[in-house]
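Notes to accompany the following structure.
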Amino acid sequence: MNAPAGPPPPGKDSATRPPGPDSAARPSSVRPPLRSRTVFAAAHVVADPRADTTPDGPAAVDWDATLAFRHHLWAHGLGVAEAMDTAQRGAGLDWSAAAELIRRTAAEAAAVGGLLACGVGTDQLPPEPASLAGIRCAYEEQLGLVEAVGARPVLMASRQLAGAATGPDDYRELYGHLLRQATRPVILHWLGPMFDPALAGYWGSAELDAATETFLAIITDHPAAVDGVKVSLLDAAREVALRRRLPPGVRCYTGDDFHYPELIAGDDHGASDALLGIFDPLAAPAAAAVRLLDNGDTAGFRAALDPTVALARHLFQAPTRHYKTGIVLLAWLAGHQSHFTMLGGLQSARSLPHLRRAHQLAGGLGLFPDPELAAHRMRQLLALYGTELAVYGTETEDA
């Protein structure tokens with residue numbers, strides 16, 4: 001798959017398009033915040049399909065559609081986690097564009113009172129090996145920007161640090177330096193190698209128990225500087241064990257797109273908040289489910305959210321790092337953008353059968369405001385590649 005499905009021709013598609021970010025419309029307000037959990041959706045970016053660029057060229061972003069989608073998330077009462085890996089950090093979104101994204105989203109958040117956290121990394125550095133001093137300066141530059149716009153910083157895992165660190169002490173020293181100078185509590189991000197193979201051995205060890213001890217030592221050294229930790233290891237038992245060892249007041253934001261209902265629901269010893277890429281397409285049902293928790297209805301929360309896990313597991317199946325392709329597909333099918341194009345041409349990162357199944361699962365959950373529009377767009381995508389596969393919900397399924 002090398003060519004995108006572009007804007008649909010005049011007629012059926014444009015006539016049935018639902019109001020929303022597809023036409024850059026923006027909700028004028030946000031719903032009351034969720035009370036029982038702090039929930040961020042890691043938001044995708046909308047590429048500009050008209051830009052004359054290359055997969056390794058500067059990012060070309062459709063700013064109106066990108067920001068309109070943030071308003072969609074805030075309108076449901078979710079927070080926005082900006083410039084994270086869901087936004088293609090390190091996979092098409094360069095630091096220059098990420099900085100502009102952070103500035104623009106922060107201005108929109110201030111205008112509507114939307115909750116905002118922003119990724120802080122080291123991706124302005126070249127891919128070749130960097131010194132620890134250079135990595136620290138890169139983190140400081142990005143941390144300064146995020147703090148200047150008033151957002152909550154998320155200290156993302158650094159590919160450069162994974163390559164330069166010689167052991168746990170390098171992580172403790174560098175993160176300690178950043179936490180001592182942060183002007184507000186930050187979220188520490190542990191992204192597993194299934195999301196980014198370059199992060200293997202993070203915290204100084206490929207052995208997860210040893211890595212966990214280093215991670216906890218950094219937090220316990222600076223508990224007042226840590227708002228919470230975002231854990232994306234797709235290991236529910238490990239997350240629960242870590243959650244129970246966090247200092248008082250330090251949140252655990254689940255980043256587990258396989259087990260989020262049970263982790264958010266929690267147990268007798270506590271619960272996880274959330275910072276999830278899967279809540280990009282699941283904004284409405286996720287917010288509605290957490291509002292059930294707000295009213296003490298844990299069973300209702302699980303009944304509402306458990307059925308969404310099959311879609312999440314499909315989108316995040318190995319190679320997990322390509323989950324963003326399915327996220328953007330669903331945004332297009334739902335009418336949140338007018339095309340299926342991604343930065344770096346990553347709309348080609350998943351197969352047609354994978355995308356077709358994503359449409360089936362999302363349709364079964366009622367995620368599309370206009371199912372007919374979604375089916376029409378899916379037929380366009382299939383036809384573009386010369387296939388006659390049926391579209392779920394509108395034609396007889398192929399065997």
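Considering only A383, A42, A225, the mean-square fluctuation computed in a Gaussian network model of the chain, springs between alpha carbons under 10 angstrom, is largest for A383.
Per the 1.4 Å probe, what fraction of the accessible area of the chain, in percent, lies on carbon and sulfur atoms?
52 percent
Karplus-based coupling profile of the range 84-90, in residue order and whole Hz: 9, 5, 4, 7, 6, 4, x, with θ = phi - 60° in 6.51 cos²θ - 1.76 cosθ + 1.60 and x standing for Gly or Pro.
Our summary gives the range 259-365 a relative contact order of 22 percent, counting only alpha carbon pairs under 8 angstrom and 6 or more residues apart.
For the range 347-359, the Karplus equation 6.51 cos²θ - 1.76 cosθ + 1.60, evaluated at θ = phi - 60°, returns couplings of 4, 8, 7, 10, 6, 4, x, 4, 5, 4, 5, 4, 4 Hz by residue, with Gly and Pro reported as x. Close amide H pairs (under 5 Å, H built 1.01 Å from N) link V229 with L188, R251, C252, Y253, residues at least 5 positions away or on another chain. Computed from phi, the 3J(HN,Hα) profile of the range 175-190 under the Karplus parametrisation 6.51, -1.76, 1.60 (θ = phi - 60°) reads 5, x, 4, 5, 5, 5, 9, 5, 8, 8, x, 10, 9, 8, 10, 10 Hz, with x in place of Gly and Pro.
Taking all protein chains into account, the per residue accessible area for the chain stands at 38 Å² (1.4 Å probe). Based on the reciprocal of the average 1/r between different C-alpha atoms, the Kirkwood radius for the range 320-383 equals 11.7 Å. The value of relative contact order for the chain, using C-alpha pairs under 8 Å at least six residues apart, is 20 percent.
Taking label positions 7 Å along the Cα-Cβ direction at both R238 and A206, the computed distance is 1.4 nm, reported to one decimal.
Checking every one of the GluC sites (Glu not before Pro) in the range 155-236 against DSSP loop status and a limit of 16 other Cβ atoms within 10 Å picks out E207. Between F279 and A42, the built amide H atoms are under 5 Å apart, and every one of these is 5 or more places off in sequence or on another chain. Taking the chain as a Gaussian network of alpha-carbon nodes connected by springs under 10 Å, the highest mean-square fluctuation of the residues A362, A91, A111 belongs to A111.
Amide H to amide H distances under 5 Å link V80 with A41, L115, L116, A117, where only residues 5 or more positions off or on other chains count and H is placed in the peptide plane. Rg over Rh for the chain works out to 0.95, both radii taken from alpha-carbon positions and Rh defined as the Kirkwood radius. Take the Cα of T298, step 7 Å along the line toward its Cβ, and report every residue of the range 200-236 whose backbone nitrogen sits under 20 Å from that point. 236, by backbone N distance to the label point. Using the rule -39500 (n - 2.57) for each DSSP H run of four or more residues, divided by the residues of the chain, the 222 nm mean residue ellipticity is -12500 deg cm²/dmol. If only the Cβ of Lys and Arg carry +1 and only the Cβ of Asp and Glu carry -1, the dipole of the chain around its Cα centre is close to 660 debye.
The values are calculated or read from the model by the stated rules, or taken from the named source; none is laboratory data. These numbers were taken from a predicted model, which means no experiment stands behind them. We place every Cβ from the backbone using ideal geometry, glycine too, and count neighbours over all the protein chains shown. With ligands, DNA and RNA removed, areas are computed over all heavy atoms of the protein, side chains included. Shrake-Rupley method; radii C 1.70, N 1.55, O 1.52, S 1.80 Å.
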